[in-house]
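The values are calculated or read from the model by the stated rules, or taken from the named source; none is laboratory data. The structure presented is a predicted model; accordingly, all values stated were derived computationally and were not measured. All Cβ positions, glycine included, derive from the backbone under ideal geometry; neighbour counts span all protein chains shown.
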Amino acid sequence: MRFPLHITTDNVFHQIRQARQGHQRYPMVLMLEPLYTCNLACLGCSTERHTGKLTDRLSLEQCFQAVEQSGAPGVSICGGEPTVYPELKGLVEGIIERNRHIYLCTNALLLDTKLFGVVPPHKRLTINVHLDGMRDTHDYVCDRQGVFDKAIEMIRRGKQLGYHMITNTTIFKETRIEEVEELLALMETIGTDGMLISPGYEYESVDRDIFLSRRETEEKFQRILELSKKHRITSTPMFLEFAAGLRDFRCSPWSTVTYTPLGWKGPCYLIGQKYYETWDEFWNDVDWDYWESRQDVRCQNCKMHSGFETSAVREAGKSPRELLRLAAWNFLG
């Protein structure tokens with residue numbers, strides 16, 4: 001299985017409950033950013049993550065309130081670098097107690113001192129290590145030597161200790177697909193539990209010519225779609241077809257909501273047009289119809305999984321054939 005059974009069933013039951021309540025829009029994932037502080041300054045990351053102060057972090061109570069208010073079955077703990085968050089152990093344990101599944105997104109530099117041996121393996125905890133290529137490429141993107149080697153060491157150790165380990169690779173303008181295939185092969189040799197591949201995050205606060213145009217995204221993902229037939233890529237085939245330009249979907253910005261030290265980020269993970277103090281203000285104030293339509297200029301090149309993976313799955317739900325294909329991809333892949 002590409003996803004553990006409890007994750008699959010949690011997501012299915014969540015969608016059934018929402019449908020019974022008559023909800024057309026509802027979060028599937030909470031992107032929880034308890035802090036902006038990071039121990040790296042990666043080239044493709046938003047600038048606030050280069051300067052965030054540790055004192056400006058969310059409290060545990062604020063984090064748990066966001067988990068409850070969003071109602072999402074999945075919580076992606078990101079940032080910043082979450083292993084820098086002083087209350088990480090309590091945060092992970094509290095989210096697990098609330099029966100949510102955690103994706104801990106990390107550069108892996110501090111896993112051996114801040115997580116391994118501190119937070120035990122759990123079926124609801126997935127460690128998601130960021131890898132943007134092989135050694136030279138990844139260290140270049142991270143703007144520091146040795147990051148790739150430490151990440152590989154931590155993935156190996158995590159698997160040995162019994163943690164659920166996956167990787168996340170961002171495709172930029174200069175990314176060579178041959179190198180992506182080499183990375184996929186390496187991860188399978190190590191025995192990682194999955195590999196997520198996504199177009200570059202075009203943060204509005206990043207002023208670098210490293211992101212893909214729509215045409216470039218489609219060209220690269222046509223090749224990644226072929227790689228997905230022989231490698232354990234965790235993006236659904238429907239999403240990969242969308243990224244490759246073979247399908248078209250409306251965005252689902254409400255499916256992945258983001259809570260930060262500044263409040264609820266609207267409308268989406270990439271665009272911080274406004275930050276809201278309360279959940280109700282955020283959920284009721286954002287013009288979801290407008291952002292679903294992708295008519296905003298900032299949405300023209302976007303093919304991010306945070307906005308379109310839910311769209312792909314919902315569209316598949318309209319076709320028995322596509323549902324069977326999705327089930328086969330998950331259970332037999």
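So, in the range 40-55, exactly how many residues are at pLDDT 80 or above and surrounded by 13 or more Cβ atoms within 10 Å (Cβ to Cβ)? Give the steps one after another, and end with the answer.
Filtering the range 40-55 for residues at pLDDT 80 or above gives 40-42, 53-55.
Right, trim to surrounded by 13 or more Cβ atoms within 10 Å (Cβ to Cβ) and you get 40-42.
Qualifying residue count for the region: 3.
So which of LEU115, LEU104 ends up being in contact (Cβ under 8 Å) with a residue 24 or more places away in the chain, closer than 29 Å to VAL141 by Cα and more than 19 Å from the chain's Cα centre (by Cα)?
Values: LEU104 fails: more than 19 Å from the chain's Cα centre (by Cα).
The conditions single out LEU115.
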3 or more residues touching a helix residue (DSSP H, G or I) at 6+ places or on another chain (Cβ under 9 Å) and more than 22 Å from TYR276 (Cα to Cα): qualifying strands (runs of 3 or more DSSP E) within the range 64-140: 101-106, 125-130
Can you list residue pairs whose Cβ atoms sit under 9 Å apart, with the first residue in the range 61-83 being in contact (Cβ under 8 Å) with a residue 40 or more places away in the chain and within 24 Å of GLN18 (Cα to Cα) and the second being polar (S, T, N, Q) and surrounded by fewer than 18 Cβ atoms within 10 Å (Cβ to Cβ)? Count only pairs 6 or more apart in sequence or on different chains. GLN69/THR278; GLY71/GLN18; PRO73/ASN99
Residue, farthest from GLY79 (Cα to Cα), within the range 247-264, restricted to residues that are touching a residue at least 24 places away in the same chain (Cβ under 8 Å) and out of contact with any helix residue (DSSP H, G or I) (no Cβ under 6 Å at 6 or more places or on another chain): THR258
Which one of HIS14, HIS6 is more than 26 Å from GLU281 (Cβ to Cβ) and in a helix (DSSP H, G or I)? HIS6
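When the range 167-186 is examined, which residues are found to be part of a helix (DSSP H, G or I) and surrounded by 15 or more Cβ atoms within 10 Å (Cβ to Cβ)? Before the answer, list the steps.
Here is the first cut: in the range 167-186, the ones part of a helix (DSSP H, G or I) are 177-186.
Of everything in the range 167-186, those that are part of a helix (DSSP H, G or I) and surrounded by 15 or more Cβ atoms within 10 Å (Cβ to Cβ) turn out to be ILE177, GLU179, VAL180, GLU181, LEU183, LEU184, LEU186.
Have a look at TRP254, TRP329, TRP283, TRP264 and point out the one that is surrounded by 15 or more Cβ atoms within 10 Å (Cβ to Cβ), over 18 Å from the mean Cα position of the chain (by Cα) and at pLDDT 95 or above. Please lay out each step first, then the result.
Numbers: TRP254 fails: over 18 Å from the mean Cα position of the chain (by Cα); TRP329 fails: at pLDDT 95 or above; TRP264 fails: over 18 Å from the mean Cα position of the chain (by Cα).
Result of the check over TRP254, TRP329, TRP283, TRP264: TRP283.
Grab the strands (runs of 3 or more DSSP E) fully contained in the range 229-333, keeping just those with 1 or more residues being hydrophobic (A, V, I, L, M, F, W, C). Before the answer, list the steps.
On the way: elements: 256-260, 263-267, 272-276.
Answer list for the range 229-333: 256-260, 263-267.
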